[in-house]
Amino acid sequence: MTSDLHKPGAALAAGTSADPWATPPADPDGETYYLNMGPQHPSMHGVLRLLLELRGEEIVKCEPIIGYAHRAHEKMAENRNYMMFLPNTSRVDYLSGMIYNIAYCQAVEKMLAIEVPERAEHIRVIVCELNRVSSHLLWFGTFLLDLGGITPFLYSFDDREQILSILDRVTGSRLTYCYGRFGGVTEDVDKKFLDETTAFLARLRGRMAEYHALVTDNVIFRSRCEGVGVIDRETAIEYGVTGPTLRAAGVPYDVRRAEPYGIYDRFEFDIPTASGADNLARYYVRVAEMEQSMRIIEQAIAKIPDGPIMPEKALKRFKPDVGEHYFAVESARGQFGIYIVSDGSDVPFRIKLRTPSFSNLACMPDVLRGTMVADTIAILGSIDIVLPEVDR
Amino acid sequence: MLKTLSDLVPNVFLAMLLAAAAIMAFATVNALFLVWLERKVSARMQRRYGPTVVGPFGMFQTLVDVVKLLSKQLISPKDIDKPLYHLAPIVVFVPVVLGLSLFPIDKSFALVDTNVGLVLVFAFAGMGFIAIFMAGWGSNNKYALLGAMRAVAQNIAYEIPLILAALAVTMIARSMRIADIVEAQGSFPYILVQPIGALIYYISAVAETNRAPFDIPEAESELVAGFHTEYSGMRFALFFLAEYTNMVIVSMVATSLFLGGYKGPLLPGPVWFFGKVYFLIFVMLWLRWTFPRLRFDQLMTFAWKVLIPLALANLLVTATVLKVMS
């Protein structure tokens, strides 16, 4: 079925029912029609294309078609040395770029067995968790936007802007950070950074109460979310769904706790889960995760020691031994894995990025079957995919 | 004594010309003002400033936007149903403008005064959906078609409670002449007599104007722009103009039926009338910028299972009470 779509002209014409290249309809009675949602659609998250077969407004079949934002990051990795791949990492998922950037550094450090100074580890935790909060805040706004509520979007972007400014002062970028280095971070943080972060956390706590009053208890919001887009435990595990989407199905799996990396084993935090597995459950889990991230940041700020931020002898060019290494972190969307194959040269033989959005998106055809067109966008929004991360 | 334009101007053609000019001027200026108001109100609710550059408080921003819309190319998509597609923006606009003429804005003045004013208002309002369906059908676009189908279903569903609520009022006032209904509300408005009816009317009215949280036919995040997806430039502007004028009309009906129209202490009648109308419009803006959108089936369920039974019960109770009291 899918192969037909790749014939010439199919991408342009598949939306019309008279199109000979279109996939055969699931319902042969002719009661259904196709709707081509995306890649250009005002609320598609990125350039995802959904080929929907509809009966009235009910979805009979859904086929996600990806690849419109493919930038060949994995191929680029094979043509440059380890250091030169650093700026690519934050561009894979530009909404949690810091987590990806640090994750790549940590993967290389694991491969080379480099010790990271204590202060650098604490800084990494603070900036990564700030990044997670900013990613969730953006999700909060766009999810409400998908449901037709415009005002919460601007509120949450106001808060997110504070994080971007705080990180901008330290890293020099607002979105696509290149802050990590093998063995540490580029710039040390000052007292002002820590104070600003503490002030921001206090501010966000107050704002969260406002969000709950405006959104969480809203009747329309609840009726749009409760029981909609159920990704149950079995489906989620089968498709390799991770992150808040998996935790909303009641599986308390978080890489930070399951396979602690960095210094995450030293912090106290809960893994929020919910049992509904629907839009509302995913909403609850993400909102609760923001609170947990704030807890982690507070502990890290309290414990941050003085000292160097890089090892004494910084690595620039190096040739790792022949071998394969896998390293996984918890990004804002789920498990982000980096698989590095080294052939002994200073250029990686292969880097494979296991991005959570790809697996999370894969269950869409199953989940969307039988739902309404109006829910498509809501469900997609609740899963929080980032298309460039799917395509890489 | 209520005077109409034909009483004041002896020549009938001159009167018609004047009425048309007055209505068009009001509709246009009102839409310009409302779009500006909507931008300002939404901006303030979202901690922004809204338009500030063109004119005092950015008031002329919408005027400049109209110039932009007028100068834009009119694009017609391939394989459209030409008569339907081209007629729709006019058909949507004309009845809405006609509806404006029927309301007494003061004790002594209305543009047109007929003894079936209320029926005419709802009849004109009902014509708008034909235009929306024409636009959706003629555009050769699936989003537009879906939006049009939703619009028709929604408007049929919400017109019933709307009219049932209005019917209860006409039963009390014993007239369908809008001026009579206003006059019948002696010292207290009908919202005190008919609180449930007023609420049903207002909810249905917001749905009738396709405004959020009932903006299902043009649900931006699902249907791109719904029935007017394929309209650009001034054709789009006409749909826009009709939507904003429609808001005024349903608010004028609400003002006349439930809030005592032009009545009020101290200030002159037109001030009270337009003050009440724009207050109701402000509430509509408030709703739009606060709530997320309902889903289509939830919207229909709400109309058929909640509003219509409630409106019927309201009508029945009103009739019984009237009978017993007489």
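The values are calculated or read from the model by the stated rules, or taken from the named source; none is laboratory data. Computed from a predicted model, the values in this text were never measured in an experiment. FYI the Cβ positions are ideal-geometry reconstructions off the backbone, even for glycines, and counts take in every protein chain you see. Please note that ligands, DNA and RNA were not included when accessible areas were found on the heavy atoms of the full protein model with its side chains. Shrake-Rupley method; radii C 1.70, N 1.55, O 1.52, S 1.80 Å.
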Inset, instruction - Just name the residue that is nearest to A:ASP384 (Cα to Cα) out of those in region A:43-57 that are of a type in the set (D, E, K, R) and open to solvent by less than 10 Å² (accessible area, probe 1.4 Å). - result: A:ARG49
Inset, instruction - With the condition kept exactly as written, say whether any residue in region A:33-40 is open to solvent by less than 20 Å² (accessible area, probe 1.4 Å), within 14 Å of chain B (Cβ to nearest Cβ), hydroxyl-bearing (Ser, Thr, Tyr) and free of Cβ contacts under 8 Å to residues at least 60 places away in the same chain. - result: yes
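Which residues, counting only those in region B:101-123, are in contact (Cβ under 8 Å) with a residue 40 or more places away in the chain and of a type in the set (A, V, I, L, M, F, W, C)?
Across region B:101-123, the qualifying residues are B:LEU102, B:PHE103, B:ILE105, B:PHE109, B:ALA110, B:LEU111, B:VAL112, B:VAL116, B:LEU118, B:VAL119, B:VAL121, B:PHE122.
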Inset, instruction - Quick one: which residue in B:GLY226, B:GLY269, B:GLY275 is farther than 29 Å from A:ALA374 by Cβ and open to solvent by less than 20 Å² (accessible area, probe 1.4 Å)? - result: B:GLY269
Inset, instruction - Looking for whichever is charged (D, E, K, R) and either farther than 30 Å from B:MET45 by Cβ or assigned to a helix (DSSP H, G or I) (or both) here; the options are A:ARG119, A:ARG174. Which one fits? - result: A:ARG119
Inset, instruction - Filter region B:86-117 down to the residues that are out of contact with any helix residue (DSSP H, G or I) (no Cβ under 6 Å at 6 or more places or on another chain) and modelled with pLDDT of 80 or more, then identify the one that is farthest from B:LEU167 (Cα to Cα). - result: B:HIS86
Inset, instruction - Starting from region B:297-317, keep only residues that are within 14 Å of chain A (Cβ to nearest Cβ), then list their pairs with residues that are part of a helix (DSSP H, G or I) and polar (S, T, N, Q) whose Cβ atoms are within a distance under 9 Å, requiring at least 6 positions of separation or different chains. - result: B:GLN298/A:SER223; B:LEU299/B:GLN154; B:MET300/B:GLN154
Legend entry - Criterion violated by B:THR290 - all others in (1) in contact (Cβ under 8 Å) with a residue 40 or more places away in the chain; (2) open to solvent by 10 Å² or more (accessible area, probe 1.4 Å); (3) in a helix (DSSP H, G or I) satisfied: (3)
Inset, instruction - Counting only residues that are in contact with an Asp or Glu (Cβ under 6 Å, 6 or more places away or on another chain), give me the helices (runs of 4 or more DSSP H) lying completely in region A:214-295 with at least 2 of them. - result: A:255-258
Legend entry - Total residues in region A:215-249, condition within 19 Å of the chain's Cα centre (by Cα), open to solvent by 20 Å² or more (accessible area, probe 1.4 Å) and free of Cβ contacts under 8 Å to residues at least 60 places away in the same chain: 1
Legend entry - region B:41-54, subset within 14 Å of another protein chain (Cβ to nearest Cβ) and more than 20 Å from the chain's Cα centre (by Cα), residue surrounded by the fewest Cβ atoms within 10 Å (Cβ to Cβ): B:ARG47
Inset, instruction - Tell me which of these A:LYS110 doesn't satisfy, since it passes every other one: (1) within 14 Å of another protein chain (Cβ to nearest Cβ); (2) open to solvent by 10 Å² or more (accessible area, probe 1.4 Å). - result: (1)
Inset, instruction - Please work out if A:VAL287 is in the same structural domain as A:PRO244 (by TED's automatic domain parsing), β-branched (Val, Ile, Thr) and over 25 Å from A:VAL133 (Cα atoms). - result: no
Legend entry - Filter result (out of contact with any Pro (no Cβ under 7 Å at 6 or more places or on another chain) and of a type outside the set (Val, Ile, Thr)) within region B:149-159: B:MET149, B:ALA153, B:ASN155, B:ALA157, B:TYR158, B:GLU159
Legend entry - Of residues in region A:308-332 being within 30 Å of the chain's Cα centre (by Cα) and open to solvent by 60 Å² or more (accessible area, probe 1.4 Å), the one modelled with the lowest pLDDT: A:LYS316
Inset, instruction - Identify all residues within region A:82-100 that are β-branched (Val, Ile, Thr) and either touching a Leu at 6+ places or on another chain (Cβ under 7 Å) or within 12 Å of A:ILE351 (Cβ to Cβ) (or both); write none if there are none. - result: A:THR89, A:VAL92
Inset, instruction - With the condition kept exactly as written, say whether any residue in region B:59-79 is hydrophobic (A, V, I, L, M, F, W, C), touching a residue at least 60 places away in the same chain (Cβ under 8 Å) and closer than 28 Å to B:PHE273 by Cα. - result: yes
Inset, instruction - Go over the candidates B:LEU310, B:LEU266, B:LEU322 one by one and state the one that is among the hydrophobic types (A, V, I, L, M, F, W, C) and under 27 Å from A:ARG222 (Cα atoms). - result: B:LEU310
Inset, instruction - Considering each of A:SER275, A:SER331, A:SER293, A:SER357 in turn, give the residue that is among the small types (Gly, Ala, Ser), touching a residue at least 60 places away in the same chain (Cβ under 8 Å), over 20 Å from A:GLN106 (Cβ atoms) and assigned by TED's automatic domain parsing to the domain that holds A:TYR104. - result: A:SER357
Legend entry - Of the criteria (1) more than 14 Å from chain A (Cβ to nearest Cβ); (2) hydroxyl-bearing (Ser, Thr, Tyr); (3) outside any helix (DSSP H, G or I), which one B:THR28 fails: (3)
Legend entry - Boolean, A:THR142 is open to solvent by 20 Å² or more (accessible area, probe 1.4 Å), within 14 Å of chain B (Cβ to nearest Cβ), of a type in the set (S, T, N, Q) and in contact with a helix residue (DSSP H, G or I) (Cβ under 8 Å, 6 or more places away or on another chain): yes
Inset, instruction - Check A:LEU167 against each of (1) away from every other protein chain (no Cβ under 14 Å); (2) open to solvent by less than 10 Å² (accessible area, probe 1.4 Å); (3) under 15 Å from the mean Cα position of the chain (by Cα); (4) in contact (Cβ under 8 Å) with a residue 40 or more places away in the chain and name the one condition it does not meet. - result: (3)
Inset, instruction - State the number of residues belonging to region B:293-326 that are farther than 17 Å from B:THR209 by Cα, assigned to a helix (DSSP H, G or I) and either in contact with a Pro (Cβ under 7 Å, 6 or more places away or on another chain) or not acidic (Asp, Glu) (or both). - result: 23
